[in-house]
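A short write-up of the structure that comes next.
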Amino acid sequence: MRHVAVIGSGPAGYYTAEGCAKLFGDQVLVDILDRLPVPYGLIRTGVAPDHQSIKAVSRRYEATALAENIRFVGNVTVGRDVTIAELLDLYDAVVLATGAPADRSLGIPGDDLLGVIGSAAFVGWYNGHPDFAGLKPSLHGDAVIVGAGNVALDVARILAKTADEFAGSDIVGHALDHLGDAAVGRVTILARRGPHQIAMTPKELGELGHLARAAPRVDPADLPPLDEDAALDPGTRKSVAQLRAFAGSDETKPVTIDFDFYAMPLRIEGKGRVERVIVERATTDATGQASGTGETYAIPASLVVSCIGYRTPPIDGVPYDGKLGRFANVDGRVGPGLYAVGWARRGPTGTIGTNRPDGFLIADHIAADTSDDTGKSGGAGLDRLLASRGVEVVTFGDWQKIEAAEIAAARAGSPREKFVAVEAMLAARG
Ligand code: NAP
């Protein structure tokens, strides 16, 4: 029997458990720890609430979670309730699947002003993450989004949608109410490079063209000559075709989503809170790298959301690559018995599905590096340790009760109304 602890119950964590179960059959016991009392990480609190088809992948994780040799050990914070060294003593393998829940910082003057928010916080707010429930962003006037990736698109779409357009989503009530009172007029997406360097995917970009009260605008002058699109990879070519369609449209709606290409944020200004973003016009060289031209201009803003990527917070005792913002590892191996998987291993890139081969790779490493029957006590030892410390563990059965209560509380047409406070989640276990 091998004992495996996975820290983090998001996609990378569940795919690692699935990989272990496929490889070792009933000769493995996997504990999936999470600091929240609810599972699924990024699927619950990262994927946009109006992207329910993507969120449906949690049903697959549920099938894994219900296997007899896989446990959910929720409401346990590694580093506070139990250390990595203790887990390495208890288990044959410990897998860090903690994702990348912290924002990369803009690092420009004024990025700490009130009203300047990282996407982890903004996305966590509308998705009901307990850490960000009290955010209440200013949603009046002009909003600026920094970054040209899919998270920027999520944020722009959520800001622009009407209440009716959230039908069928699981956006939390506090965000729906706050957005309902909103009067955002202009959303500007700042991309420091050009349309050919866009990190937005075509399907997600296309959604901006079908919003009830908002229309995307692209300046035709920003688009490279059409024949240069041929050199792009097929995905980027489709995204650029979408931008060309936006540039060719004369549709006007009350809210505009302006793409501002070749626009580098220089500093953020305001008295006490954000009032404007000072931007430097940029140009790209033959390799696609951006540099400033010296020409600057101001964009009014009462809200700035930086969507420029994420990093994995360090954990005491685990080798960390501060430059890359993730655990130091070689192909997922961090140290003896210690592994990293998913965004904690390779950074915040790829789709949810990218984590599947990643998780299976770690299962292969565990097979190669560890042996059967090492005498470790695994979950039984963890239970004893946590009980001795008075930690209130949440099981998968408990989560099913929490989920049933969330489903019962759903507004009409919505799959669930999430609990946003840890205490409320714990109380819902009955
Ligand atoms: P991302 O795809 O890496 O995009 C980050 C963007 O921020 C890039 O445009 C980057 O520009 C820009 N940027 C970085 N540092 C900057 C700075 N200092 N100043 C200005 N701009 C800066 O990251 P993401 O949008 O956070 O997405 C993370 C991952 O999740 C991606 O793989 C994404 O596809 C995925 N995701 C998918 C979906 C979906 O499929 N529906 C939804 C959300 C997220 P440069 O290119 O110039 O560096």
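Every number in this text was worked out from the coordinates using simple rules, so none of it is lab data. The shown structure was predicted, so the numbers you read here are calculated from the model rather than taken from an experiment. Don't worry about glycine lacking a Cβ; one is built from the backbone with ideal geometry, like all the others, and counts go over all protein chains shown.
Residue exposure proxy: 316, 103, 131, ordered by other Cβ atoms within 10 angstrom of their Cβ from fewest to most, comes out as 316, 131, 103. Directionally averaged projected area (segment 104-306, Cα convex hull): 11.5 nm². From its DSSP helices (H runs of at least four residues, each -39,500 (n - 2.57)), the chain gives a residue-normalised ellipticity at 222 nm of -9000 deg cm²/dmol.
Once the piece of chain linking residue 51 and residue 22 is laid out straight, how much longer is it, given 0.36 nm per residue of separation minus the C-alpha distance between them? Each step should come with its number before you reach the end.
On the way: separation 29, 0.36 × 29 = 10.44 nm, distance 2.91 nm.
Gain in length upon complete extension: 7.5 nm.
Can you tell me the orientation of helix 11-24 relative to the chain, as the angle in degrees between its alpha-carbon axis and the longest Cα principal axis, to the nearest 10? So the helix axis and the longest Cα principal axis differ by about 40 degrees.
Can you give the Rg to Rh ratio for segment 338-430, taking only C-alpha atoms and Rh from Kirkwood? The Rg/Rh ratio comes out at 1.09.
Report, in whole Å, the centroid distance computed from the Cα atoms of segment 404-418 and segment 75-123. Taking the Cα centre of each part, segment 404-418 and segment 75-123 sit 28 Å apart.
Here, segment 111-164 has an Rg and a Dmax of 11.2, 34 Å when only alpha carbons are counted.
Between residue 331 and residue 389, residue separation times 0.36 nm minus the direct Cα-Cα distance comes to 17.4 nm. When the chain is treated as a GNM with alpha-carbon contacts under 10 Å, the residue of 241, 221, 404 showing the greatest mean-square fluctuation is 221.
Mind putting a number on the dipole of segment 104-306 about its Cα centre? Charges go on the C-beta only, +1 for Lys and Arg and -1 for Asp and Glu, and I need it in Debye to the nearest 20. Before the final figure, lay out the partial values.
Numbers: 19 positive and 27 negative charges, 44 e Å.
Approximately 220 debye in magnitude.
Going by a ≥ b ≥ c, the root eigenvalues of the Cα gyration tensor, does segment 353-395 fall in the rounded group (a/c under 1.5), the prolate group (a/b larger than b/c) or the oblate group? Let's see the in-between values first.
Details: a/c = 4.96, a/b = 1.58, b/c = 3.14.
Cα axes put segment 353-395 in the oblate bin.
Mean sequence separation of contacting Cα pairs (under 8 Å, at least six apart), scaled by the length of the chain, corresponds to a relative contact order of 24 percent.
The three principal axes of the Cα atoms in segment 374-425 give end-to-end lengths of 52, 23, 12 Å, sorted in falling order.
Which three numbers, in whole Å and largest first, are the semi-axes of the equivalent ellipsoid of segment 258-325 derived from its Cα gyration tensor as √(5λ)? Don't skip to the answer; put the middle values down first.
Numbers: eigenvalues 166, 83, 19 Å².
That gives 29, 20, 10 Å for the three semi-axes.
The alpha carbon centroids of segment 282-331 and segment 176-244 are separated by 20 Å.
Computed from the C-beta positions of residue 177 and residue 400, the FRET efficiency with R₀ = 25 Å rounds to 0.35.
What size of dipole, in debye to the nearest 20, comes out for segment 312-357 about its Cα centre when the only charges are +1 on Lys and Arg C-beta atoms and -1 on Asp and Glu C-beta atoms?
Details: 6 positive and 3 negative charges, 32 e Å.
I would put it at about 160 debye.
With the simple spin-label model, which puts each label point 7 Å out from Cα in the Cβ direction, the residue 251 to residue 426 separation comes to 4.8 nm.
Using Cβ point charges alone (K and R +1, D and E -1), the dipole size of the chain about the Cα centre works out to roughly 280 debye.
Beyond 15 Å, how much of the Cα-Cα pair distribution for segment 124-215 remains, as a whole percent?
Cα-Cα pairs of segment 124-215 separated by over 15 Å account for 62 percent.
On C-alpha positions alone, give me the angle between the axis of helix 378-388 and the longest principal axis of the chain, in degrees, nearest 10. Rounded to the nearest ten degrees, it is 80.
Length gain on complete extension for the stretch residue 138 to residue 377, per 0.36 nm per residue less the alpha carbon to alpha carbon distance? Don't skip to the answer; put the middle values down first.
Numbers: separation 239, 0.36 × 239 = 86.04 nm, distance 5.09 nm.
So the chain would gain 81.0 nm between residue 138 and residue 377.
If both residues of a DSSP beta bridge must be in segment 104-306, then about 35% of such bridges are antiparallel.
Between 359, 194, 134, find the one with the highest GNM mean-square fluctuation for the chain; connect C-alpha pairs within less than 10 Å. Result: 134 has the largest fluctuation of those listed. Using a Debye calculation, one point per C-alpha and no hydration shell, please list log10 I(q)/I(0) for the chain at q = 0.07 Å⁻¹ in order. One equal scatterer on each Cα of the chain leads to -0.37.
Close amide-amide hydrogen proximity is noted between residue 6 and 31, 32, 33, 95, each under 5 Å apart and 5 or more residues distant or on a separate chain (H modeled in the peptide plane; Pro and chain starts excluded). Remark: the Cα gyration tensor places segment 1-122 in the oblate category, a/c being 1.5 or greater and a/b not exceeding b/c. Shape analysis of segment 254-379 based on the Cα gyration tensor places the equivalent ellipsoid semi-axes at 44, 17, 15 Å, largest first.
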